[in-house]
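In what follows, a single structure is set out as structure tokens and then discussed.
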Ligand code: 1GP
């Protein structure tokens with residue numbers, strides 16, 4: 001069974017999903033075992049791997065090590081085409097549809113396509129929407145695009161719906177890693193109610209209540225990066 005159909009199935013059953021985002025640049029290969037044990041103690045359903053400016057070449061090795069100790073699906077969340085590893089299970093094939101930088105709308109995807117064709121990775125087309133979060137995040141800096149106004153709910157919805165009409169299989173509302181403010185709950189609710197495909201939400205969620213609020217507003221999958229990175233006991237309450 002492929003990963004996307006599992007996400008669809010979970011959505012149908014109203015079963016909420018949780019991804020822990022690991023940034024390969026910030027991980028010490030020698031301590032992966034401890035990290036994995038913490039992930040096991042958490043409610044995570046997926047591991048996402050990636051970052052806006054990953055410079056490391058330990059990606060393959062890191063994924064192999066995780067796989068030795070952990071059955072959770074590993075999904076690449078790449079900042080650019082160099083962050084592809086056939087050791088993972090799937091890749092979010094992102095198009096930054098909130099921005100107007102052709103590199104992140106289509107150029108990187110053109111570069112990545114022939115590489116992906118040679119792998120067995122499940123490619124999941126994802127409309128990636130960056131929302132203003134009170135501080136300049138790495139996505140904004142690296143992509144040189146402006147996030148959507150956090151008060152402009154109609155524009156966020158229109159963007160998500162355009163992504164869905166273009167054939168995206170997921171919509172990802174992103175405040176950016178380490179965002180001061182997470183995606184507004186009203187925006188999550190409006191988008192969730194008006195698209196059919198699963199909705200991912202991440203960026204700046206720093207406590208369990210924040211995760212629950214996103215779920216209650218209609219997010220199907222929440223991504224936690226920084227909070228778990230800073231405190232591997234984040235989920236143990
Ligand atoms: C970033 O949405 C993810 O792409 C996670 O963000 O690091 O703020 O949890 P945080």
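Over 22 Å from residue 86 (Cβ atoms) and either without any contact (Cβ under 8 Å) to a residue 12 or more places away in the chain or in contact with a strand residue (DSSP E or B) (Cβ under 7 Å, 6 or more places away or on another chain) (or both): is that true of residue 44 in this structure?
Working: over 22 Å from residue 86 (Cβ atoms): yes; either without any contact (Cβ under 8 Å) to a residue 12 or more places away in the chain or in contact with a strand residue (DSSP E or B) (Cβ under 7 Å, 6 or more places away or on another chain) (or both): yes.
Yes; evaluated as a whole, the condition is true for this residue.
When you scan the range 173-182, do you find a residue that is touching a strand residue (DSSP E or B) at 6+ places or on another chain (Cβ under 6 Å), part of a strand (DSSP E or B) and within 14 Å of the ligand (Cβ to nearest atom), even just one?
The first filter runs over the range 173-182 and keeps only residues touching a strand residue (DSSP E or B) at 6+ places or on another chain (Cβ under 6 Å), leaving 173-175.
Still in the running and part of a strand (DSSP E or B): 173-174.
With within 14 Å of the ligand (Cβ to nearest atom) added as a condition, the list becomes 173-174.
Among the residues of the range 173-182, at least one is touching a strand residue (DSSP E or B) at 6+ places or on another chain (Cβ under 6 Å), part of a strand (DSSP E or B) and within 14 Å of the ligand (Cβ to nearest atom), which makes the answer yes.
Residues that are in contact with a strand residue (DSSP E or B) (Cβ under 7 Å, 6 or more places away or on another chain), at pLDDT below 95 and closer than 19 Å to residue 138 by Cβ do not occur anywhere in the range 3-21.
Among the residues making up the range 105-123, a single one is closer than 24 Å to residue 60 by Cα, in contact with a strand residue (DSSP E or B) (Cβ under 6 Å, 6 or more places away or on another chain) and either crowded, with 20+ Cβ neighbours inside 10 Å or without any contact (Cβ under 8 Å) to a residue 24 or more places away in the chain (or both): 121. From the list 39, 58, 27, 20, the one residue that fits, being more than 16 Å from residue 222 (Cα to Cα) and buried (at least 18 other Cβ atoms within 10 Å of the Cβ), is 27. Does any residue of the range 183-204 turn out to be farther than 18 Å from residue 133 by Cα, in contact (Cβ under 8 Å) with a residue 60 or more places away in the chain and either more than 14 Å from the ligand (Cβ to nearest atom) or within 18 Å of the chain's Cα centre (by Cα) (or both)? Checking the range 183-204: at least one residue is farther than 18 Å from residue 133 by Cα, in contact (Cβ under 8 Å) with a residue 60 or more places away in the chain and either more than 14 Å from the ligand (Cβ to nearest atom) or within 18 Å of the chain's Cα centre (by Cα) (or both).
The values are calculated or read from the model by the stated rules, or taken from the named source; none is laboratory data. Note that this is a predicted model, so its numbers are computed, not measured. With ideal geometry, Cβ positions are generated from the backbone for all residues, glycine too; neighbour counts draw on all protein chains shown.
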